[in-house]
Amino acid sequence: MKMKSHIYKNYLTALAFLAPFMILYLIFWIYPIFKGFLGSLSSGTFGAEKTFVGLDNYRYMMEDEKFWSALWNTLYFILISTPSIVVLGLGMAILVNMKLKGTTILRMAFFMPYMLSVSVIGSIWVFILQSRTGLIAETLNSFGITMGVSFFGSWGMGWLSILIATLWWTVGFNMILFLAGLQEIPEDLYEAADIDGANKWAQFRFITMPSLKGVTALVILLQTIASFKLFGQTWLITKGGPGTSTTPLVHYIYQIAFRQWDTGYASAVSFVLFLTIALISLAQYKLLMGKKN
Amino acid sequence: MKKVMSHFVLLIMVVSLVLSGCSKGNNSAQKNEGASNAGDEKTANVSKEVIELKYWVPFSGSDGEYMENMVKAFNESQSEIKVEFMNNNWDNYYPKLLSSLAANSAPDVAVAHVSHLAELIPTGMIQPLDELATEAGLDWSTYGKNQETSVIRDGQHIAVPLDTHAVVMYYNKKYLGDAGLLNEDGSIKMEPGAEGFTKMLETLKGSLPADVSPLIIGSNNVFTYWIWYALVQQQGGTYFKDGQPTIDTPEGKVAMELIKSWIDKGLALPDIGDNSYDIFKTSKAAVTFTGVWSTGNFESEKSLDFAAVPFPQLYAQPAAWGDSHTLIVPKQDNKEKQVAAVKFADWLADNAAMWAKAGHVPSKPAVLESEEYKALPYRASYAAVMDIVKYMPDSTKLSAVNDAVLESLVEVNYGIKSVEEGLAAAQKNADKLMSK
């Protein structure tokens, strides 16, 4: 009996300490997700009475070409952005981790763009890339060359522009993660390898890479989730165009909610996005972390 | 025992912290929370109490400054009403305004485009103004007919029109003069119709330096849609008919083929967005179709010698794309504030010569006749556009359909789709949006 009340007290203590977080978490995370799902079962313009329509929004989604193209665009962006951010982030981390002159400045320079807001990033890259009056176009023009490509004019170029802007903006953060990982690796491993006559490539391949497995998994996971949530860059730089070619899912959700005023359908697409992210994150976590054991 | 007590106290503290946050919302469900409350109770006792109004505007561009000055002037002009000005970011103004209306936390008075009224009405929070207008001494006949009609819904005025802003034509007088395309009075020498206009551009191309484009338009942004819309209206075509979008029409094709032909012939540049303003401003283009709000921007460039005229008539009848800034009064219990809001709106329209500095055309003909307005350079020469503006149709889906149409028109400009394919796709997407 005494034992039981002791356990009970323990739970109560734990609960009291958890409560501040738990209550906020329930109100601002769990409740909105639940409410969002309920909303996805309704129809009606924003601000007016809603009617319950069951799964109609989800049925509409299956036949909505723009939804599928937005989903494909999002997946495409993940496919191009994740590998490039891993390779570039790792490369930069190795560079600034070398004991060379000026690496502190480089470290700062690489990280600096990450501190800017997306609206600044958008303006900067429009300023650089736009035709005729852009930095590249004007520079070429002063040498008598006309810029033959249009950075926002097609599906491929549009995504390339978004990719460049995103890399420039966020690679610094991933570099810091890799850098932390690099500095965790004990020096004596490299010393031992040196004594055994291993060259630099072998050291990288058999010491650095395996040691960075955890960090790489983390970067891939974070980058995948961030890419799923891509919005600001497309909204500001390409405005989703030409046509719908650079419209990713979150961008489309914004259009549905705040241009079409269809909050029910926007909730439905958001919910599908949420499930997709949850599933992919879970799979990645299992795949990448599972290998460790 | 002591321990249990302390747990209990801790829990109480946490719970009360969270609940206190909710209490405000519970007992004021039906009131307009955001409307300023100062003076509510005191007005009964003290008749000279100042009425405070919260006023929202979406002028994050350069017009914000002009509006702020007007509010200041209004506050200084009398002592009964004090307006508190709040400028909002244009990009998310309507999500914000609409949410505030839906959540009963709207300001006392706010700017809304006439094209967005249909989206705001379903909240049931837009106050019909006729009764308030009588009390406030607002006379609807002092407003331009086209502008006044545009704010009537179900036989009631629901907003006070402040201005008209349209897409008009600006041209570089030096370039056109050099090409021999100016008449004595400074107007453009060209034959009537679309052919005449295109021929004028071709003549221009012959005499312009290689890096100057005869025409510049936002060929990958909303200007393409606005110009297309105007050209359709000029042919007597429709955008919506009986509440349904009519995009893929013979008039629509003719209009889009004309725009595309300018790009194909090298008379206008492809792949141009918001930098169309800069290109005209820096004399890298001779003619532009753009919004009246760029007048202030263009006149700040001393090296630019330009003129501004209404959108040219290229087909059977004159027409231009345009919209109006209007003032809406959200519903609330305090009628005194609503009357004050209407008085304020009418004052703004009366004194819109100040607002015209931002480029917009005032909604009251009397203002257009005033010396103050006439003294402003450029503005008076395109004021006539207010009579030919064809306002967009009233629909909660208007923004959605506009976006869908724009997507396709831009694809046509980039050569991704043909005119036929583009309009067919736009029609299909618009129909789908309406069916939801």
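The values are calculated or read from the model by the stated rules, or taken from the named source; none is laboratory data. Fair warning: this is a prediction, and the values are worked out from it, not measured in the lab. Don't worry about glycine lacking a Cβ; one is built from the backbone with ideal geometry, like all the others, and counts go over all protein chains shown.
Data table
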{"quantity": "Residue match in segment B:370-392 (condition: farther than 21 Å from B:PRO312 by Cβ, over 19 Å from the mean Cα position of the chain (by Cα), aliphatic (A, V, I, L, M) and not assigned by TED's automatic domain parsing to the domain that holds B:THR295)", "calculated": "yes"}
{"quantity": "Extreme residue, farthest from B:LEU201 (Cα to Cα), among residues of segment B:261-290 that are more than 14 Å from chain A (Cβ to nearest Cβ) and not small (Gly, Ala, Ser)", "calculated": "B:THR290"}
{"quantity": "All positions within segment B:81-104 that are in a helix (DSSP H, G or I), among the hydrophobic types (A, V, I, L, M, F, W, C) and more than 16 Å from the chain's Cα centre (by Cα)", "calculated": "B:LEU98, B:LEU101, B:ALA102"}
{"quantity": "Verdict on A:LEU279 being over 19 Å from the mean Cα position of the chain (by Cα), in a helix (DSSP H, G or I), more than 14 Å from chain B (Cβ to nearest Cβ) and of a type outside the set (Ser, Thr, Tyr)", "calculated": "no"}
{"quantity": "Candidates B:SER100, B:SER105 - the one that is surrounded by fewer than 19 Cβ atoms within 10 Å (Cβ to Cβ) and within 14 Å of another protein chain (Cβ to nearest Cβ)", "calculated": "B:SER105"}
{"quantity": "Where B:ALA286 falls short, out of the listed (1) of a type in the set (Gly, Ala, Ser); (2) part of a strand (DSSP E or B); (3) surrounded by fewer than 23 Cβ atoms within 10 Å (Cβ to Cβ)", "calculated": "(3)"}
{"quantity": "Every residue from segment B:365-397 that is crowded, with 21+ Cβ neighbours inside 10 Å, more than 10 Å from chain A (Cβ to nearest Cβ) and closer than 16 Å to B:THR246 by Cβ", "calculated": "B:MET392"}
{"quantity": "Among (1) within 14 Å of chain B (Cβ to nearest Cβ); (2) within 25 Å of the chain's Cα centre (by Cα) - the single one A:LEU15 does not satisfy", "calculated": "(2)"}
{"quantity": "Criterion violated by A:ALA16 - all others in (1) without any contact (Cβ under 8 Å) to a residue 60 or more places away in the chain; (2) out of contact with any His (no Cβ under 8 Å at 6 or more places or on another chain); (3) aliphatic (A, V, I, L, M) satisfied", "calculated": "(2)"}
{"quantity": "Some residue of segment A:140-151 being within 11 Å of chain B (Cβ to nearest Cβ), within 30 Å of B:SER408 (Cα to Cα) and in contact (Cβ under 8 Å) with a residue 60 or more places away in the chain", "calculated": "no"}
{"quantity": "Flag if A:ASN57 is assigned to a helix (DSSP H, G or I) and in contact with a strand residue (DSSP E or B) (Cβ under 9 Å, 6 or more places away or on another chain)", "calculated": "yes"}
{"quantity": "Condition check for A:PHE28: surrounded by fewer than 17 Cβ atoms within 10 Å (Cβ to Cβ), among the aromatic types (Phe, Trp, Tyr) and within 13 Å of another protein chain (Cβ to nearest Cβ)", "calculated": "yes"}
{"quantity": "Per-region count, segment A:43-54, residues touching an Asp or Glu at 6+ places or on another chain (Cβ under 9 Å) and not in a loop (DSSP other than H, G, I, E, B)", "calculated": "1"}
{"quantity": "Matching entry among A:LEU236, A:LEU222, A:LEU218 (being part of a helix (DSSP H, G or I), surrounded by 15 or more Cβ atoms within 10 Å (Cβ to Cβ) and over 13 Å from the mean Cα position of the chain (by Cα))", "calculated": "A:LEU236"}
{"quantity": "Among the residues listed as A:LEU100, A:LEU79, A:LEU71, A:LEU90, the single one being away from every other protein chain (no Cβ under 13 Å), in a helix (DSSP H, G or I) and either surrounded by fewer than 17 Cβ atoms within 10 Å (Cβ to Cβ) or small (Gly, Ala, Ser) (or both)", "calculated": "A:LEU79"}
{"quantity": "Index of the failed condition, A:LEU140 passing every other in (1) at pLDDT 90 or above; (2) within 26 Å of the chain's Cα centre (by Cα)", "calculated": "(2)"}
{"quantity": "Residue, farthest from A:THR244 (Cα to Cα), within segment B:405-421, restricted to residues that are part of a helix (DSSP H, G or I) and facing chain A (nearest Cβ under 9 Å)", "calculated": "B:ASN413"}
{"quantity": "Single condition B:VAL361 does not satisfy, out of (1) more than 22 Å from B:TYR94 (Cα to Cα); (2) surrounded by fewer than 21 Cβ atoms within 10 Å (Cβ to Cβ)", "calculated": "(2)"}
{"quantity": "Subset tally (residues that are crowded, with 23+ Cβ neighbours inside 10 Å and either within 18 Å of the chain's Cα centre (by Cα) or closer than 17 Å to B:ASN429 by Cβ (or both)) for segment B:226-246", "calculated": "7"}
{"quantity": "Test: residue in segment B:292-301 that is at pLDDT below 95, in a loop (DSSP other than H, G, I, E, B) and touching a Lys or Arg at 6+ places or on another chain (Cβ under 9 Å)", "calculated": "yes"}
{"quantity": "In segment A:258-293, residue modelled with the lowest pLDDT [restricted to those that are loosely packed, with under 15 Cβ neighbours inside 10 Å and of a type in the set (Gly, Ala, Ser)]", "calculated": "A:GLY290"}
{"quantity": "A:GLN255 being under 15 Å from the mean Cα position of the chain (by Cα), part of a helix (DSSP H, G or I) and of a type outside the set (Ser, Thr, Tyr)", "calculated": "no"}
{"quantity": "Listing of helices (runs of 4 or more DSSP H) fully contained in segment B:210-281 that carry 3 or more residues being of a type in the set (Val, Ile, Thr)", "calculated": "B:222-234, B:250-264"}
{"quantity": "Flag if B:VAL111 is under 27 Å from B:PHE289 (Cβ atoms), touching a His at 6+ places or on another chain (Cβ under 8 Å) and away from chain A (no Cβ under 14 Å)", "calculated": "yes"}
{"quantity": "Segment A:1-36: number of residues that are under 25 Å from A:PHE274 (Cβ atoms) and either in contact with a Ser or Thr (Cβ under 6 Å, 6 or more places away or on another chain) or among the hydroxyl-bearing types (Ser, Thr, Tyr) (or both)", "calculated": "3"}
{"quantity": "Qualifying positions in segment B:86-97 - at the interface with chain A (Cβ under 8 Å from one of its Cβ atoms) and either in contact with a strand residue (DSSP E or B) (Cβ under 9 Å, 6 or more places away or on another chain) or over 19 Å from A:ALA48 (Cβ atoms) (or both)", "calculated": "B:ASN92, B:TYR94"}
{"quantity": "Exclusive hit being within 14 Å of chain A (Cβ to nearest Cβ), surrounded by 19 or more Cβ atoms within 10 Å (Cβ to Cβ) and among the aliphatic types (A, V, I, L, M), set B:ALA400, B:ALA349", "calculated": "B:ALA400"}
{"quantity": "Residue list for segment B:422-436, filter: more than 24 Å from the chain's Cα centre (by Cα), touching a residue at least 40 places away in the same chain (Cβ under 8 Å) and within 11 Å of chain A (Cβ to nearest Cβ)", "calculated": "B:GLY422"}
